[in-house]
Amino acid sequence: MAETNAALSNPRADLAALDALERKLFSLRYALDEIGSLGPVIDPPKATAERSEALAELERARVETLCDPEVGDMLARLADVPELLSETRRAQVRVLTRDRDALVRIPAEEQAAFSRLTCEAEDVWRRAKAAGDWDAFAPYLDRIVEARLSMAAARDGSRDPYDVWLDEYEPGCDAAFYDRFFSQVKDCVVPLLADCVASRHKPGRACVEGSFDVRRQGELARDLVELEGLDMDALWLGETEHPFTGGPSSGFVLIASHPHRDDVLSNAFSMLHEGGHALYEQGVDPAYRLTSLRGGTSMGMHEAQSRFFENLVGRSAAFAPTLLASLELRFPGRFSRVTPRQLYLAENCAEPGLIRTEADELTYPLHILVRYEIERLLLSGEAHAADVPRLWAEKYRAYLGLEVPDHARGALQDTHWACGDFGYFPTYALGSAYGAQLKAAMVADGVDFEGACARSDLAPIRAWLGEKIWRWGRSKDSDELIRDACGEPFSPAYYTDYLTEKFSAIYRLGA
């Protein structure tokens, strides 16, 4: 059958058409990503409406290009002759087919309208957060949920809508998978946190408290991303309300952060986190540069890289002298009496807090669990925007023992829902677990992880991740990457064992 199709279809012409499609899609994605990334950072407030129209039209063009019936026929013909394709070509066909299947049943106008809605919603969210005004944002959230439900039904009406979007951000995952995962994590974290809170051996944060010049924090941020090993000629640094990494290509990666004058570690770890994302984007095989294989394979694997550099590297005891030296350089005299051990303990205080992005490693997955459970309620129709503040308060009280004082430190703190990113939040916790397993495999392969962190030379760590994860771009899914890198399927046990060992030692549990 394959020989007949190949003879009739002219694979050479189809491969030329595939290349032309990739070039056009790359150009559209470049424009979308550059406008979408830089716009919220540098555009004046009155530009929002016009930016939303530009994004909507570009999104319409992208959808119409990929969903053209002739494109579907071409991809089907190429899929029918895998023996005539290189490994890269087969990956292109597989990824483009999956991307197309996710879009083809949703009218281009509906997807353009969604792009317009989320652009407007993000601007409303930013102002609502500043004012602590949930009621201003709530109507947009209801509209976004309604749109996501409609799009999920069009994509696959036989599946639970939330499963559709969970699979979007981490292919192969659904609510049943995350229920099992969070159950294992919760069984570890909740009693471990309780033991830490009850311990008589609590580390203090006094050595990192105070007021820190924002300009100097910017210099510290640049020091840290340079130390991580980023290509600074392919990096743009800026400031925004909510830290993120974006950009249209491996040659233009953007990191935007938010320094806080009263918390120098917040921006430091934010930069290490976003730098992990940027390293992944810059580390993809250059051969994939203008193709659909460019970029990270999933948000779970992307968050694995960011959480890896933020926590496994940045919050390690071995890295503490390096971080302390950077702090001393940019804030002379402020840290002269601080020891690496004191800094390590200060940055690893396991204390329930209100803000996800400032949470310690141990409490962090509980912040994600709150968002996961609320997303399920919203997409099942059991809750609406008006219910979210109450649900948020109830869950923060139940999981973290905290009262939520206002919406800015509550349900308005994250930008994800304004962007329509339902299903993204769980990947933060999953990425943390991926990272723990990757570190174990890295060490088993002979990488001197502690030594690299202590020497301020992360090249061995970058080399291993580059070979095992980064260079593959989207050509391999997360489950295949984990199996190839670790020699076994994904297991949350590496994550829970890591948390248990680390925080038991810090809080001297059982001592």
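Taking the listed residues 76, 31, 91, 108, the one that is closer than 20 Å to residue 420 by Cβ and either open to solvent by 60 Å² or more (accessible area, probe 1.4 Å) or at pLDDT 95 or above (or both) is 31, with no other qualifying. Evaluated against (1) small (Gly, Ala, Ser); (2) under 26 Å from the mean Cα position of the chain (by Cα); (3) part of a helix (DSSP H, G or I), residue 136 falls short on exactly one condition, (2).
Here is a yes/no grid of residues against (1) open to solvent by 40 Å² or more (accessible area, probe 1.4 Å); (2) among the aromatic types (Phe, Trp, Tyr); (3) assigned to a helix (DSSP H, G or I); (4) closer than 30 Å to residue 351 by Cβ:
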| site | (1), (2), (3), (4) |
| --- | --- |
| 427 | no, no, yes, yes |
| 447 | no, no, no, no |
| 450 | yes, no, yes, yes |
| 461 | no, no, yes, yes |
| 475 | no, no, no, no |
| 480 | yes, no, yes, no |
| 485 | no, no, yes, no |
| 490 | yes, yes, no, yes |
| 505 | yes, no, yes, yes |
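Would a scan of segment 428-442 turn up a residue that is modelled with pLDDT of 95 or more and closer than 28 Å to residue 139 by Cα? Yes: one or more hits.
Scanning for something open to solvent by 40 Å² or more (accessible area, probe 1.4 Å), among the charged types (D, E, K, R) and touching a Phe, Trp or Tyr at 6+ places or on another chain (Cβ under 6 Å), does segment 390-409 turn up at least one residue? The answer is no, given that none of the residues of segment 390-409 is open to solvent by 40 Å² or more (accessible area, probe 1.4 Å), among the charged types (D, E, K, R) and touching a Phe, Trp or Tyr at 6+ places or on another chain (Cβ under 6 Å). For segment 411-448, residues that are touching a residue at least 60 places away in the same chain (Cβ under 8 Å) and not charged (D, E, K, R) total 23.
In segment 124-168, the residue that is nearest to residue 48 (Cα to Cα) out of those that are among the β-branched types (Val, Ile, Thr) and open to solvent by 10 Å² or more (accessible area, probe 1.4 Å) is 124.
Residues checked against (1) surrounded by fewer than 18 Cβ atoms within 10 Å (Cβ to Cβ); (2) more than 23 Å from residue 100 (Cβ to Cβ):
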site	(1), (2)
36	no, no
43	yes, yes
52	no, yes
60	no, no
64	yes, no
67	no, no
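Name every residue in segment 117-141 that is aliphatic (A, V, I, L, M) and in contact with a Lys or Arg (Cβ under 9 Å, 6 or more places away or on another chain), in order of residue number. 117, 121, 136, listed by residue number. Of everything in segment 244-271 that is out of contact with any strand residue (DSSP E or B) (no Cβ under 8 Å at 6 or more places or on another chain) and part of a strand (DSSP E or B), the residue that is most open to solvent (accessible area, probe 1.4 Å) is 260.
Listed here are the residues, each with its yes/no results for (1) under 18 Å from residue 377 (Cβ atoms); (2) part of a helix (DSSP H, G or I); (3) more than 23 Å from the chain's Cα centre (by Cα).
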residue	(1), (2), (3)
88	no, yes, yes
98	no, yes, no
117	no, yes, no
128	no, yes, yes
144	yes, yes, no
154	no, yes, yes
163	yes, yes, no
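Taking the criterion of being closer than 30 Å to residue 45 by Cβ and aliphatic (A, V, I, L, M), would at least one residue in segment 151-171 satisfy it? Yes, the conditions are met somewhere in segment 151-171. Out of 241, 274, 281, one residue alone is open to solvent by 20 Å² or more (accessible area, probe 1.4 Å), charged (D, E, K, R), within 20 Å of residue 419 (Cβ to Cβ) and assigned to a helix (DSSP H, G or I). It is 281.
Residues are listed down the side, and each one gets a yes or a no for (1) over 30 Å from residue 460 (Cβ atoms); (2) of a type in the set (Lys, Arg); (3) open to solvent by less than 40 Å² (accessible area, probe 1.4 Å); (4) within 27 Å of the chain's Cα centre (by Cα):
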| site | (1), (2), (3), (4) |
| --- | --- |
| 196 | yes, no, yes, no |
| 202 | yes, yes, no, no |
| 213 | yes, no, no, no |
| 236 | no, no, no, yes |
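Here residue 120 passes the criteria (1) buried (at least 19 other Cβ atoms within 10 Å of the Cβ); (2) within 16 Å of residue 420 (Cα to Cα) except the one numbered (1). Taking residues in segment 169-181 that are over 12 Å from residue 430 (Cα atoms) and assigned to a helix (DSSP H, G or I), and partners anywhere that are of a type in the set (Gly, Ala, Ser) and open to solvent by 50 Å² or more (accessible area, probe 1.4 Å), not one pair has Cβ atoms closer than 7 Å while being at least 6 places apart or on different chains.
Of the listed requirements (1) open to solvent by less than 10 Å² (accessible area, probe 1.4 Å); (2) aromatic (Phe, Trp, Tyr); (3) outside any loop (DSSP other than H, G, I, E, B), residue 335 misses just one: (3).
Take the residues of segment 352-380 that are in contact (Cβ under 8 Å) with a residue 60 or more places away in the chain and not in a helix (DSSP H, G or I): which is most open to solvent (accessible area, probe 1.4 Å)? Looking at residues that are in contact (Cβ under 8 Å) with a residue 60 or more places away in the chain and not in a helix (DSSP H, G or I), I get 352.
The values are calculated or read from the model by the stated rules, or taken from the named source; none is laboratory data. Here the structure is a predicted model, which is why all the values come from computation and not from measurement. Here the Cβ is made from the backbone with ideal geometry for all residues, glycine too, and neighbour counts use every protein chain on show. Please note that ligands, DNA and RNA were not included when accessible areas were found on the heavy atoms of the full protein model with its side chains. Shrake-Rupley method; radii C 1.70, N 1.55, O 1.52, S 1.80 Å.
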